[in-house]
1. Consider Phe269 carefully, then state whether it is within 22 Å of Ala315 (Cβ to Cβ), surrounded by 14 or more Cβ atoms within 10 Å (Cβ to Cβ) and either at pLDDT below 85 or in contact with a helix residue (DSSP H, G or I) (Cβ under 6 Å, 6 or more places away or on another chain) (or both).
2. Which condition from (1) modelled with pLDDT of 85 or more; (2) crowded, with 17+ Cβ neighbours inside 10 Å is the one that Ser125 breaks?
3. Please name all residue pairs, on different chains or six or more residues apart, with Cβ atoms under 8 Å, provided the first residue is in the stretch 305-319 and is free of Cβ contacts under 8 Å to residues at least 60 places away in the same chain and the second residue is among the charged types (D, E, K, R).
4. Confirm whether Ala212 is at pLDDT 85 or above and within 24 Å of Asp175 (Cα to Cα).
5. Output the residue which, of all residues in the stretch 164-176 that are part of a loop (DSSP other than H, G, I, E, B) and at pLDDT below 90, is surrounded by the fewest Cβ atoms within 10 Å (Cβ to Cβ).
6. Is there a residue being more than 29 Å from Glu251 (Cα to Cα), without any contact (Cβ under 8 Å) to a residue 40 or more places away in the chain and surrounded by 17 or more Cβ atoms within 10 Å (Cβ to Cβ) anywhere in the stretch 356-368?
7. Suppose we keep only residues that are closer than 20 Å to Glu302 by Cβ and assigned to a loop (DSSP other than H, G, I, E, B) within the stretch 268-283. Which one would you say is farthest from the chain's Cα centre (by Cα)?
8. Among residues belonging to the stretch 324-347 that are in a loop (DSSP other than H, G, I, E, B) and touching a strand residue (DSSP E or B) at 6+ places or on another chain (Cβ under 8 Å), point out the one that is surrounded by the most Cβ atoms within 10 Å (Cβ to Cβ).
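The values are calculated or read from the model by the stated rules, or taken from the named source; none is laboratory data. Computed from a predicted model, the values in this text were never measured in an experiment. Glycine gets a Cβ as well: all are built from the backbone with ideal geometry, and neighbour counts include every protein chain shown.
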Amino acid sequence: MQREWNPKSFFRHLTPAVIDLFTKSVGVTIRSGEGPPGLALYAAWKALPDPQQRRLETELLPVNDMCSPHARAYLEDVARATWTNGKAGLLEESRGWSAQDLALRLYLDDRRAFFEAYKDYTVDSMEHGKEYRGRAPVKVEPSKAAKQRMEAEMQRHFRETAFGARCQVEDHANDEKFALFVYHEDEVTPLERFTAEGTVMTDWQRPVLRIAAVFHFATATLQVKASRKAERETLRDLFAQIYVGDAEFFEDVSKSPKFSFDPLRQESFRFPVRPIDKIDRVSVVKVVARPAGAHVRRVIVELQRGLNMHEVHLALDDHGVDVANDAIDGVQLCFEFAGSGRSRTRTVSVFNPNSTNLHDTPRDRVIRHYLTQWGIDATVRKAAVAAPALQAAAG
């Protein structure tokens, strides 16, 4: 999720020590008499020639995105990995830093590690998530040839749309997952700006958009995050063809929905959890159902937290939902973790055939485990030997 870029505010939140490191790194000179260091840096940035100003802005946009409160955990992971040995004292000191200071300092110290965290945060914060279940476990790895082919195929797809054809593909892998990021041009968009003479003119530009696909090895599940169905399904199909080597690898979710809500039809169901995961309570807070009657297409019932399943059933019955027989399209579950503050709760949406707002954060991985254990995530972990095409891709 991209944060609004406000350079004056960004620079103003930096401390003098980080400003000094940044100006030495990029070769910007701050003139005396321009006010506090942050405002002096902003004045120096504004005085740069347009090409240099745009170059620095491009570099700082990912840093600005990582100033979100939700990104702090990702930055702290980088800090723990980066500031070891002689810099161990920085880790303790950084707990009192602003998000701007922490993000920019990590960017200056280890850009590779910073951008790895940025990629993880980016894909976790993207909306429009759909999940596709593979037929069998398989592990895929980055490949220059596969990436080039994916880029060419996505360009071919974009040429048939109002989007621009230019795109760039990046990949990212670890022991648990493989991620693809596709950057591409948006539709032509009019952007107004001031000229040097102070008049307003319109530039017709194509902003850059980003879509992503993340494949989880353990469950053979592909998460695709893109706003349009056409791009989601194209990315899914190309991933199967190019990286797995089997065009039919992903199941048809229209015939085999990813989620099952049958456990919630049982009044005795209690969302069992392990003490080690520090989950105080799990509640059903929304149900979307399709009654069997012909006159009502859909019923959406929002519920208070803390109701047991018997109370949930009574509330649904009051709103005309026959829990035993009516189709349930989706639910929202509120997980309440030990601790205090708003961050202790996580509301998860799961809707058939394959929509979810789950990310790949440590907390969401715990939630995924329980959704599978409770039988809500109907993904079948298949231990069958992979087909020859899958074995070839895995090797």
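1. Values: within 22 Å of Ala315 (Cβ to Cβ): yes; surrounded by 14 or more Cβ atoms within 10 Å (Cβ to Cβ): yes; either at pLDDT below 85 or in contact with a helix residue (DSSP H, G or I) (Cβ under 6 Å, 6 or more places away or on another chain) (or both): yes.
Here the answer is yes, as Phe269 does meet what is asked.
2. Tallying (1) modelled with pLDDT of 85 or more; (2) crowded, with 17+ Cβ neighbours inside 10 Å, Ser125 fails exactly one: (1).
3. Arg305/Arg281; Arg305/Glu336; Gly306/Arg281; Asn308/Arg270; Met309/Glu267; Met309/Arg270; His310/Glu267; His313/Glu267
4. On the way: at pLDDT 85 or above: yes; within 24 Å of Asp175 (Cα to Cα): yes.
Here the answer is yes, as Ala212 does meet what is asked.
5. Asp175
6. We begin by selecting, within the stretch 356-368, every residue more than 29 Å from Glu251 (Cα to Cα); these are none.
No, the stretch 356-368 contains no residue that is more than 29 Å from Glu251 (Cα to Cα), without any contact (Cβ under 8 Å) to a residue 40 or more places away in the chain and surrounded by 17 or more Cβ atoms within 10 Å (Cβ to Cβ).
7. First pass over the stretch 268-283, keeping only residues closer than 20 Å to Glu302 by Cβ: 269, 271, 281-283.
Narrowing further to those that are assigned to a loop (DSSP other than H, G, I, E, B): 269, 271.
On the way: Phe269: 31, Phe271: 26 Å.
Per the criteria, the residue is Phe269.
8. So the first thing to find is which residues in the stretch 324-347 are in a loop (DSSP other than H, G, I, E, B), and the list is 324-326, 338-341.
Now restrict to residues that are touching a strand residue (DSSP E or B) at 6+ places or on another chain (Cβ under 8 Å): 326, 338.
On the way: Asp326: 19, Ala338: 10.
By that ranking, first place goes to Asp326.
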